[in-house]
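Have a look at the structure below before the remarks.
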Amino acid sequence: MTNAASAHGPALAALRRGLYLVGRAELAIAVLAFAFVGVLTSAQVILRYAFAGAIWWAQEVAQLAMLVSYFFGIAYVVKANQDVAIKMVVQRF
């Protein structure tokens with residue numbers, strides 16, 4: 001290893017560590033948003049059928065939280081290179 005390459009070692013390690021932390025944060029946001037959708041939808045169903053009431057903003061907020069979950073989740077999946085491949089389609093082409 002040359003001196004120039006070894007000088008970039010700590011900087012590259014710090015960058016990789018930062019990207020790892022960003023990936024973990026993306027995953028945490030995706031999971032929390034998805035859990036929030038489940039809790040909010042469950043509360044909406046319980047209120048609607050048990051108490052004949054509703055949270056008027058629940059559907060819109062649940063849709064937005066689902067979008068947040070989707071986009072942060074897909075960003076993590078792409079970054080972690082864990083995308084789903086359908087083997088039959090891949091083998092045929």
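Remarks
- Above 17 Å, the calculated P(r) of the chain contains 67 percent of its Cα-Cα pairs.
- Sites ARG17 and ALA80, calculated FRET efficiency, Cβ-Cβ separation with R0 22 Å, nearest 0.05: 0.90
- Each residue of the range 26-71 gets 46 Å³ once the volume of the Cα convex hull is shared out per residue.
- For the chain, the relative contact order comes to 35 percent (Cα pairs under 8 Å, sequence separation of at least 6).
- Rolling a 1.4 Å probe over the heavy atoms of the protein chains gives the chain an accessible area of 82 Å² per residue.
- Residue-by-residue Karplus 3J(HN,Hα) for the range 31-41, coefficients 6.51, -1.76, 1.60, Hz, glycine and proline x: 5, 5, 5, 5, 5, 4, 4, x, 5, 5, 5
- Most fluctuating residue given options ILE29, ILE46, ILE74, as computed from a GNM of the chain linking Cα atoms under 10 Å: ILE46
- Nearest 10 degrees, 0 to 90: helix 58-80 Cα axis against the chain principal axis: 20 degrees
- Positive-end residue, the chain charge dipole about Cα centroid, Cβ charges, pick of LEU21, VAL68, ALA85: ALA85
The values are calculated or read from the model by the stated rules, or taken from the named source; none is laboratory data. Values in this document were obtained by computation on a predicted structure and should not be read as measured data. Backbone-built Cβ (ideal geometry, glycine too); neighbour counts: all protein chains shown. Side chains are part of the model used for accessible areas, which takes the heavy atoms of the whole protein and leaves out ligands, DNA and RNA. Shrake-Rupley method; radii C 1.70, N 1.55, O 1.52, S 1.80 Å.
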